[in-house]
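The structure appears right after this line, and notes come after that.
Values in this text are rule-based calculations from the coordinates and carry no lab data. Everything numeric here is computed off the predicted structure, so don't read it as measured data. All Cβ positions, glycine included, derive from the backbone under ideal geometry; neighbour counts span all protein chains shown.
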Amino acid sequence: NAGVTQTPKFRILKIGQSMTLQCTQDMNHNYMYWYRQDPGMGLKLIYYSVGAGITDKGEVPNGYNVSRSTTEDFPLRLELAAPSQTSVYFCASSRTGGDQPQHFGDGTRLSIL
Amino acid sequence: KQEVTQIPAALSVPEGENLVLNCSFTDSAIYNLQWFRQDPGKGLTSLLLIQSSQREQTSGRLNASLDKSSGRSTLYIAASQPGDSATYLCAVSKAGTALIFGKGTTLSVSS
């Protein structure tokens, strides 16, 4: 039972580079989310999706893009990486919206140098 | 704007002690409240979810209460164990999707 799988686990980028953080879930959940967690801070929502083909911005979407072509996958793209994007990124999923708990992956630790 | 505050930021207790973690939120118009556990270098594990119409939820040694009118929730851990050492995060949902998180309480239980 894999749950939510994120790759890579660690990555170091140079300023201005781009990359895609991968997230896949095998629970057939409709809702998927991307959060970032900065040291000593709570998680902040970047983007979320309520189903394939539907995405919406969260609290901190600037500098990121997402797509949801399948139920299972919800990649997060960083364009023109900046030091402010150094963070731990978590992907989560839930069967529906507010009445179901969110299940989290183990995170991607990203450093921009 | 919804803000979630968790007190204390850190807590150390001896094994066997009962303890309470506190969470407060500024906007009482919430859809639900969730408590999570986060181990170092790991993702979050959902512990308890309380719908806005509920007053409490229980799972094993954990009991979470919700008082929407006062904007407060507590997580009660009975007979704490070293394995309970982790960071506990509280989060509220307004519209049933996005979660607003507190900064967490880091718990250390010594044997």
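Quick look at the values:
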{"item": "Residue count for the range A:55-65, restricted to those that are within 14 Å of another protein chain (Cβ to nearest Cβ) and either closer than 20 Å to residue B:43 by Cβ or small (Gly, Ala, Ser) (or both)", "result": "3"}
{"item": "Selection status of residue B:88, within 19 Å of residue A:106 (Cα to Cα), more than 11 Å from chain A (Cβ to nearest Cβ) and not in a loop (DSSP other than H, G, I, E, B)", "result": "yes"}
{"item": "Test: residue in the range A:100-112 that is free of Cβ contacts under 8 Å to residues at least 60 places away in the same chain and assigned to a strand (DSSP E or B)", "result": "no"}
{"item": "The range B:99-111, subset surrounded by fewer than 21 Cβ atoms within 10 Å (Cβ to Cβ) and either among the small types (Gly, Ala, Ser) or in a loop (DSSP other than H, G, I, E, B) (or both), residue nearest to the other protein chains (Cβ to nearest Cβ)", "result": "B:103"}
{"item": "Any hit, the range A:74-97, residues being away from every other protein chain (no Cβ under 14 Å), under 11 Å from the mean Cα position of the chain (by Cα) and assigned to a loop (DSSP other than H, G, I, E, B)", "result": "yes"}
{"item": "Matching residues in the range A:34-54 - criterion: being over 12 Å from the mean Cα position of the chain (by Cα), more than 17 Å from residue B:90 (Cα to Cα), more than 10 Å from chain B (Cβ to nearest Cβ) and not small (Gly, Ala, Ser)", "result": "A:54"}
{"item": "Every residue from the range B:53-67 that is crowded, with 17+ Cβ neighbours inside 10 Å and within 14 Å of another protein chain (Cβ to nearest Cβ)", "result": "B:57, B:62, B:64, B:66"}
